[in-house]
Amino acid sequence: MLFCGLAVLRVHLTNNNEDDAHCDYACQLTEYLFWLVTSAADGNSHRCSLIEHEWDLCTRAKVESSDALGWAIITDPSYKIPTVHPNGVYR
């Protein structure tokens, strides 16, 4: 199921990385998961305009509404993927 969703690999990521000839499928998968998880944890909402050349789902709401399969994967509790972006305050 993961690879079916990644076959669609979010056009915004693949198209925006066309200039990086060194980013093969494994690299794209890593970048996709990085952007997906950090945006879903609202770690990118403050810098949407800075990352729009690489990723356009910069907020939790955009990820949830635009990438249903990605959202289902990263919010599946069995994977234990963090849902809150670190802020440096831990106690």
Note on the stretch 34-91: residues touching a residue at least 60 places away in the same chain (Cβ under 8 Å) and surrounded by fewer than 17 Cβ atoms within 10 Å (Cβ to Cβ) are Leu69
What is the number of the single condition among (1) within 10 Å of the chain's Cα centre (by Cα); (2) at pLDDT 90 or above that Arg10 does not meet?
(2)
Of the residues in the stretch 64-91, those that are in contact with a helix residue (DSSP H, G or I) (Cβ under 8 Å, 6 or more places away or on another chain) and not in a helix (DSSP H, G or I) come to Asp67, Thr75, Ile81, Pro82, Thr83, His85
Within the stretch 35-47, which residues are within 13 Å of the chain's Cα centre (by Cα), in a helix (DSSP H, G or I) and not aliphatic (A, V, I, L, M)?
Trp35, Thr38, Ser39, Ser45
Among the numbered criteria (1) in a loop (DSSP other than H, G, I, E, B); (2) more than 14 Å from Leu33 (Cα to Cα), which one does Ala61 miss?
(1)
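The values are calculated or read from the model by the stated rules, or taken from the named source; none is laboratory data. Everything numeric here is computed off the predicted structure, so don't read it as measured data. Here the Cβ is made from the backbone with ideal geometry for all residues, glycine too, and neighbour counts use every protein chain on show.
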